[in-house]
Amino acid sequence: MSGADNVIWLGSPPFPEAARTALADTRLRANLRRATGTIRDRRLAAVAELDDWEDLRETAAAVKRRTLRHLDRHLLRLEETVTAAGGTVHWAADAAEANAIVTRLVRATGESEIVKVKSMATQEIGLNEALAEAGIRAYETDLAELIVQLGGDRPSHILVPAIHRGRSEIREIFRRQMGKWGRPAPEGLTDDPRDLAEAARLHLREKFLRAKVAVSGANFAAADTGTVVVVESEGNGRMCLTLPETLITVMGIEKVLPSFADLDVFLQLLPRSSTGERMNPYTSLWTGVTEGDGPQDFHLVLLDNGRTATLADEVGRQALTCIRCSACLNVCPVYERTGGHAYGSVYPGPIGAVLTPQLVGVENAASLPLASTLCGACYDACPVKIDIPEVLVHLRAKAVEAKRRDRLLPTTEALTMKAASVVLSSPGRLAAIQRLAALGARLVARDGRIGVLPGPFARWSGTRDTPAPARESLRAWWRRTREEDRTTTEGKSR
């Protein structure tokens, strides 16, 4: 499967180029620093309340790992229980198939518009764009997703898609665009959060009451009961999940849990890790259809889109245990300074750096595993204990191997490593190179530092300080001081 088949955006500049642009945006960096700092503090306070937090993490990680080992069995069980409860299950191998299924289901209702619950899976497959091509308009109802949609923008955070926008920017977006999508913004709209939220509520209310079809994602699905779960903070999801006549849920196959009882662990971990709350304000659970209550036509689209290929990688597959809490984004020093758009993917931050390359093929996103300092903060924060640094290093090796296969000539990096191997295998050659390096350093160094190196080495030295080599190597210092000590000792003995 190619990257184009998977959608998931990309097509953006490689991360180093995109990050350079983002770093120059002082407003973006201020917004990110303020928002991620606030979320981090709330999460730490919520986590500190639980004495068994580490036990919960261990349990969740074990459940997820065990589920992936028998994923086929749990998915077949889920299909069976959803069908028995009156729902219909569809299987989608890739983005194109998933979009075709949803488009066909919406057309069957005769409707030309839908309301949507915030969903990473539908962003991943480009559902809104596919529906628009079919003449169907999708309205995002999550407040942050609404801001992004009205602004013709892209989400930049898993939990807070409009984290890169300030209040004044949001006010201007509402004032300019709301009227084009429905009810206009109120006259004299200010950038007070309460006023902005009220403008969004009024704008969306008519869509909730008019919509006959809704599309959602899913946080979890219990295989033994066929129950699907969506957690959210605003209530917009509850409106979408209960008022329309038809509900279509697009869910990545990794979201299944073996049993309803497993939700006990994950519904403690997810809100604390994402919003810093003890529990989500709105936790919606439904099992198939119930006569006279809620949607009377329920469809569950099970999405692969690269997940089966990821499952085959014994190291990389742990990325599929992610519960989309965004805790790793909020502690990542790289994300805090560059924002989500620099990753060019629906999934930004550390989890995006390990998940996206596997879903689309590492050769199509080779720069993303490099978007990390490997500090390990993401691993410490992850509620399901994904060892993101381990996967990053693993994918870096795969990216290098993929590049090597595609090249007729060896890369500069490969030649440099080969040369280093030759030098380091001989003490004499190493000593000679060290003497030459020390001599050259004295000619070009300033204040103990070397500027940008020539040729291909400029890519290294242009982004970090390059200290000048020592005037004397460790080996030379050791021989000299040992000789001085021996001379001193012999003089005293005489």
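Observations on the structure shown:
- Any hit, region 104-118, residues being out of contact with any strand residue (DSSP E or B) (no Cβ under 8 Å at 6 or more places or on another chain) and either hydroxyl-bearing (S, T, Y) or buried (at least 17 other Cβ atoms within 10 Å of the Cβ) (or both): no
- Among the residues of this structure, D380 does not count as one that is open to solvent by 90 Å² or more (accessible area, probe 1.4 Å) and more than 30 Å from D41 (Cα to Cα).
- Total residues in region 356-368 satisfying the condition of being charged (D, E, K, R) and buried (at least 24 other Cβ atoms within 10 Å of the Cβ): the figure is 0.
- Among the residues listed as A214, A222, the single one being open to solvent by less than 50 Å² (accessible area, probe 1.4 Å) and in contact with a Lys or Arg (Cβ under 9 Å, 6 or more places away or on another chain): A214
- Test: A399 is of a type in the set (A, V, I, L, M, F, W, C) and either within 30 Å of Q268 (Cβ to Cβ) or modelled with pLDDT under 90 (or both): no
- Contact annotation: residue pairs with Cβ atoms under 9 Å, 6 or more positions apart or on different chains, pairing a residue in region 457-472 that is of a type in the set (F, W, Y) with a partner that is not in a helix (DSSP H, G or I), are F457/T466; W460/L453; W460/T466.
- Counting residues in region 402-413 that are open to solvent by 80 Å² or more (accessible area, probe 1.4 Å) and either touching a Ser or Thr at 6+ places or on another chain (Cβ under 8 Å) or β-branched (V, I, T) (or both) gives one or more.
- Within region 49-67, the residues that satisfy the criterion of being closer than 19 Å to C328 by Cβ and out of contact with any Pro (no Cβ under 8 Å at 6 or more places or on another chain) are W53, E54, E58, A61, K64, R65.
- Residue match in region 426-444 (condition: under 30 Å from P357 (Cβ atoms) and assigned to a helix (DSSP H, G or I)): no
Conditions (1) outside any loop (DSSP other than H, G, I, E, B); (2) free of Cβ contacts under 8 Å to residues at least 24 places away in the same chain; (3) under 28 Å from E314 (Cβ atoms); (4) open to solvent by 20 Å² or more (accessible area, probe 1.4 Å), marked per residue:
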| residue | (1), (2), (3), (4) |
| --- | --- |
| S12 | no, no, no, yes |
| E17 | yes, yes, no, yes |
| R27 | yes, no, no, yes |
| T36 | yes, no, no, no |
| V102 | yes, no, no, no |
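- Helices (runs of 4 or more DSSP H) (entirely within region 112-208) containing at least 1 residues that are farther than 28 Å from T338 by Cβ: 127-133, 167-181
Conditions (1) under 18 Å from G306 (Cβ atoms); (2) in contact (Cβ under 8 Å) with a residue 60 or more places away in the chain, marked per residue:
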residue	(1), (2)
C322	yes, yes
P333	no, no
H341	no, yes
S345	yes, yes
A353	yes, no
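- The residues of region 330-359 that are of a type in the set (A, V, I, L, M) and within 27 Å of A92 (Cβ to Cβ), listed by number, are V346, I351, A353, V354, L355, L359.
- Options S273, S284: the member that is closer than 30 Å to A46 by Cα, open to solvent by less than 30 Å² (accessible area, probe 1.4 Å) and in contact with a Cys (Cβ under 8 Å, 6 or more places away or on another chain): S273
- Residue count for region 326-355, restricted to those that are closer than 30 Å to M279 by Cβ, open to solvent by less than 10 Å² (accessible area, probe 1.4 Å) and part of a loop (DSSP other than H, G, I, E, B): 7
- Where G292 falls short, out of the listed (1) of a type outside the set (D, E); (2) within 23 Å of A108 (Cβ to Cβ); (3) open to solvent by less than 10 Å² (accessible area, probe 1.4 Å); (4) modelled with pLDDT under 95: (3)
For every residue, the table says whether it meets (1) modelled with pLDDT of 75 or more; (2) open to solvent by less than 50 Å² (accessible area, probe 1.4 Å).
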| site | (1), (2) |
| --- | --- |
| L439 | yes, no |
| R449 | no, no |
| S473 | yes, yes |
| K492 | no, no |
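The values are calculated or read from the model by the stated rules, or taken from the named source; none is laboratory data. Here the structure is a predicted model, which is why all the values come from computation and not from measurement. Note that each Cβ is placed from the backbone with ideal geometry, even for glycine, and that neighbours are counted across all protein chains shown. Ligands, DNA and RNA are stripped out before the accessible areas are found, and what is left, the full protein with its side chains, is counted by its heavy atoms. Shrake-Rupley method; radii C 1.70, N 1.55, O 1.52, S 1.80 Å.
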